[in-house]
Amino acid sequence: NTLTGNNQFVMSYLTDEVLAKLPAQYQDAIVKTAVSDRFCADLCQAVCLPESDSPTDETGQGQAFMTWLVANNPFIVSLDAAGQWYRHHHLIQELLEHQLHIRFDTKTITSLHRKASYWFATQGMVEDAIRHALPAGETAVIIQLVRQHRYQLLNQDNWPRLERWLQLLPTSLIETNAELLMMYAWSLQNRWRFRELPTVLNQIAMLLQTSPDERLQGELSVLSGIQLYWTVNGSHLVPTAQQALAQLPLDAVFARGLAWIFLSLGLQMMGDLP
């Protein structure tokens, strides 16, 4: 039979024979590593270990902890050739997650996720940062992360990653924020789900009425231009595309490229070939 953490005898054995025999100074730190499905020395330093009194010891504790953990824990699994990232065996991970909620209150666990989110964000690991910001209740952080990095995904045609971000977010959060809803609208456009697009664009327009954002308004104009193109409405497509170009920032390369294309198509529809 496959062993799982649901077996109380397995968990009892692991608690008595593994966790209880760990050095006292590392027990809390090891339990705290359960907040993440992978960890490295710097992450452990930032999240799991007490802050050092020495300003020069920014990573020393974390590296010492990881060195000890790798040398003394047969249940740790290396995730890269460089030996920087690790995870626990799934049974140990389940044990530690169980212990995490026994040893620490909700406020402490929330703080651990908040620290992890901040650390991943500083490393440019947006998906991990979002994943930890959610249980920490940091919706403002999520929106800011999307705002900072979304254009990079669009400019690189990195649709799989954009879809993963969307899958991480609850629908209720997406539907109430214009930034997140715009990301969803671009996903619909990329998958040619044009029948669903007008409803989403109307939602975004309503949200922008209460919280105006010229950049998002420019994206809204680009996506609205797609609808005008398919209805062969060149007279409205041209000013809509021009408005988009006036509102979009220069780093919105993908959106601006579409605006230029639809401006050209609109002029062609109206017979303005030059």
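The values are calculated or read from the model by the stated rules, or taken from the named source; none is laboratory data. Keep in mind that this is a model prediction, so the values were computed, not measured. All Cβ positions, glycine included, derive from the backbone under ideal geometry; neighbour counts span all protein chains shown. Surface accessibility is based on the protein's heavy atoms, side chains included, excluding ligands, DNA and RNA. Shrake-Rupley method; radii C 1.70, N 1.55, O 1.52, S 1.80 Å.
With everything on Cα atoms, drop me the angle between helix 178-190 and the longest principal axis of the chain, reported from 0 to 90° to the nearest 10.
Once rounded, one gets 70 degrees.
Assuming a ≥ b ≥ c are the square roots of the Cα gyration tensor eigenvalues, decide whether the stretch 69-126 counts as rounded (a/c under 1.5), prolate (otherwise, with a/b larger than b/c) or oblate. Provide the component values of the computation, followed by the final result.
Details: a/c = 2.74, a/b = 1.12, b/c = 2.45.
Oblate, because a/c is 1.5 or more while a/b does not exceed b/c.
Over the stretch 81-172, give the accessible area per residue in Å² for a 1.4 Å probe, as an integer. Mind dumping the intermediate values first?
Values: 4730 Å² over 92 residues.
For the stretch 81-172, the solvent-accessible area averages 51 Å² per residue.
Among M270, L112, M66, which residue has its Cα furthest toward the positive end of the charge dipole of the chain, with +1 on Lys/Arg Cβ and -1 on Asp/Glu Cβ?
Toward the positive end, the furthest listed residue is M270.
Show me the ranking of peptides 138-151, 235-248 by mean Cβ neighbours inside 10 Å, starting with the highest.
Details: 138-151: 17.6, 235-248: 19.1.
Ranked from most to least packed, the peptides come out as 235-248, 138-151.
Take the alpha carbon atoms of the stretch 58-176, find their radius of gyration, then divide it by 2.2 N^0.38 Å using N residues; give the quotient.
Cα-based Rg divided by the globular estimate yields 1.24.
Would you mind telling me which residue in D80, D37, D213 has the biggest mean-square fluctuation in a Gaussian network model of the chain, where springs connect alpha carbons within a distance under 10 angstrom?
D80
I'd like the carbon and sulfur percentage of the solvent accessible area for the chain, probe radius 1.4 Å, heavy atoms only, ligands and nucleic acids excluded. Don't skip to the end; give the middle numbers.
Details: 7750 of 14670 Å².
Of the solvent-accessible surface of the chain, carbon and sulfur hold 53 percent.
Quick one: dipole size for the chain, taken about the Cα centre, charges +1 on Lys/Arg Cβ and -1 on Asp/Glu Cβ, in debye to the nearest 20. Mind dumping the intermediate values first?
Details: 18 positive and 26 negative charges, 112 e Å.
Once rounded to the nearest 20, the dipole reads 540 debye.
For the Cα atoms of the chain, what angle does the longest principal axis make with the long axis of helix 90-103, in degrees from 0 to 90, nearest 10?
80 degrees
Kirkwood Rh over Cα pairs of the chain into Stokes-Einstein at 10 °C, 1.306 mPa s: D in µm²/s? Intermediate values should be presented prior to the final figure.
Values: Rh = 21.8 Å.
It diffuses with D of about 73 µm²/s by this estimate.
Going toward the positive end of the dipole of the stretch 106-246, with +1 on Lys and Arg Cβ and -1 on Asp and Glu Cβ, which of P239, V141, M206 do you reach last?
V141
Using helices alone, I'd like the mean residue ellipticity at 222 nm for the chain: each DSSP H run of four-plus residues gives -39500 (n - 2.57), total over residue count, nearest 500. Display every interim value, and only then the final one.
Working: 15 runs with 184 residues, N = 274.
Taking each H run of at least 4 residues, the total per residue is -21000 deg cm²/dmol.
Specify the inter-centroid distance of the stretch 157-227 and the stretch 86-136, based on alpha-carbon positions, in whole Å.
For the stretch 157-227 versus the stretch 86-136, the Cα centre distance is 29 Å.
How do F65, F75 stack up against each other in accessible area, from largest to smallest, with a 1.4 angstrom probe? Show your work: numbers first, answer last.
Numbers: F65 0, F75 75 Å².
The ranking, largest first, comes out as F75, F65.
Under a point spin-label approximation (7 Å from Cα along Cα-to-Cβ), what is the H236-L166 distance to one decimal in nm?
Taking the simple label geometry, H236 and L166 are separated by 2.4 nm.
By the gyration tensor of its Cα atoms, with a ≥ b ≥ c the square roots of the eigenvalues, what is the shape of the stretch 196-274: rounded for a/c under 1.5, prolate for a/b over b/c, or oblate? Let's see the in-between values first.
Working: a/c = 2.33, a/b = 1.47, b/c = 1.58.
Cα axes put the stretch 196-274 in the oblate bin.
Once the convex hull of the alpha carbons of the stretch 87-238 is built, what does its volume come to per residue, in cubic angstrom?
Details: hull volume 21.1 nm³, N = 152.
About 139 Å³ per residue, rounded to a whole number.
How tilted is helix 197-210 with respect to the longest principal axis of the chain? Cα atoms for both, answer in degrees (0 to 90, nearest 10).
Tilt of helix 197-210: around 80 degrees.
Compute, for the stretch 129-274, the length of the dipole vector about the Cα centre, with Cβ point charges of +1 (Lys, Arg) and -1 (Asp, Glu) only. Units Debye, rounded to 20.
Working: 10 positive and 11 negative charges, 64 e Å.
That gives a dipole near 300 debye.
For the stretch 94-161, what is the charge dipole size about the Cα centre, in debye to the nearest 20, if Lys and Arg each add +1 at the Cβ and Asp and Glu each add -1 at the Cβ? Numbers along the way, then the final one.
Details: 8 positive and 7 negative charges, 47 e Å.
That gives the stretch 94-161 a dipole magnitude of about 220 debye.
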